[in-house]
1. Search region 139-167 for residues being among the hydrophobic types (A, V, I, L, M, F, W, C) and in contact (Cβ under 8 Å) with a residue 40 or more places away in the chain, and hand back the single one that is surrounded by the most Cβ atoms within 10 Å (Cβ to Cβ).
2. Mind checking which residues of region 149-165 are among the hydroxyl-bearing types (Ser, Thr, Tyr) and modelled with pLDDT under 95?
3. Go through the residues of region 22-44 one by one and say whether even a single one is surrounded by 18 or more Cβ atoms within 10 Å (Cβ to Cβ), at pLDDT 95 or above, touching a Leu at 6+ places or on another chain (Cβ under 6 Å) and within 28 Å of residue 159 (Cα to Cα).
4. From the list 86, 129, which one is in contact (Cβ under 8 Å) with a residue 24 or more places away in the chain, within 18 Å of residue 12 (Cβ to Cβ) and not β-branched (Val, Ile, Thr)?
5. Being without any contact (Cβ under 8 Å) to a residue 60 or more places away in the chain, within 27 Å of residue 48 (Cβ to Cβ) and not in a helix (DSSP H, G or I) is the filter here; which residues of region 98-115 pass it?
6. Here's a check for you: in region 1-28, which residue that is touching a His at 6+ places or on another chain (Cβ under 8 Å) and in contact (Cβ under 8 Å) with a residue 60 or more places away in the chain is nearest to residue 50 (Cα to Cα)?
7. Quick one: is residue 124 among the hydroxyl-bearing types (Ser, Thr, Tyr) and closer than 26 Å to residue 2 by Cα?
8. Which number in (1) farther than 17 Å from residue 13 by Cβ; (2) surrounded by 14 or more Cβ atoms within 10 Å (Cβ to Cβ); (3) of a type outside the set (A, V, I, L, M, F, W, C) marks the one condition that residue 136 misses?
Amino acid sequence: MNLPEEFINDYTITSDTYMLQSFRHGQKSHTIVYEKKGTFHVPTRSLKLVDTACKDMGSSYRTATERTKQFLTGNKHKLPVVVGVDVNRQPYIMFPLFSPKSEHNAWIAYNSISNIVNHKTHVTITFRDSVEVELPVLISSFNNQYVTSSMLFKAVHKHWNRFTPLF
């Protein structure tokens, strides 16, 4: 795996974040962050970055997954979570490709995807600003996660709009 040249000690998920790719570095799990400003190597597990983003919203990863279950009854595994709010007051959602605890997991920002291309053994995702990443996952699995995230986005958006002032 080619590591990004830029190493940063800490990272905060924002609406500029496209993807968090976990990987093993020595004895620890690290993350490659893909975002609008570039690609970074962060010495932190991707799940910890997601949990921190949830905490910045006044929640936690565990609470965010429980909230997702309330919006999406029946879903129990690899749940998408709201990690923030973008500049247009839209929920910013990330979904895991594999088990969130896996050192091979990737967290994808639902709001950042502009195209998905199917290959036999993998998919190529194009994010905003034409950033492309190949992911070792079948299209059916990726689509399931994408559709689940779309359903969460719509449910949260509808819920939030109930509280929008009329003036």
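The values are calculated or read from the model by the stated rules, or taken from the named source; none is laboratory data. Predicted model, so just to flag it, every value in this text is computed and none were measured. Cβ atoms come from the backbone with ideal geometry, glycine included; neighbour counts cover every protein chain shown.
1. 152
2. 164
3. No, region 22-44 contains no residue that is surrounded by 18 or more Cβ atoms within 10 Å (Cβ to Cβ), at pLDDT 95 or above, touching a Leu at 6+ places or on another chain (Cβ under 6 Å) and within 28 Å of residue 159 (Cα to Cα).
4. Among 86, 129, only 86 is in contact (Cβ under 8 Å) with a residue 24 or more places away in the chain, within 18 Å of residue 12 (Cβ to Cβ) and not β-branched (Val, Ile, Thr).
5. 98, 99, 100, 101, 113
6. Only one residue tops the list, namely 22.
7. Yes; evaluated as a whole, the condition is true for this residue.
8. (2) is the only condition that residue 136 fails.
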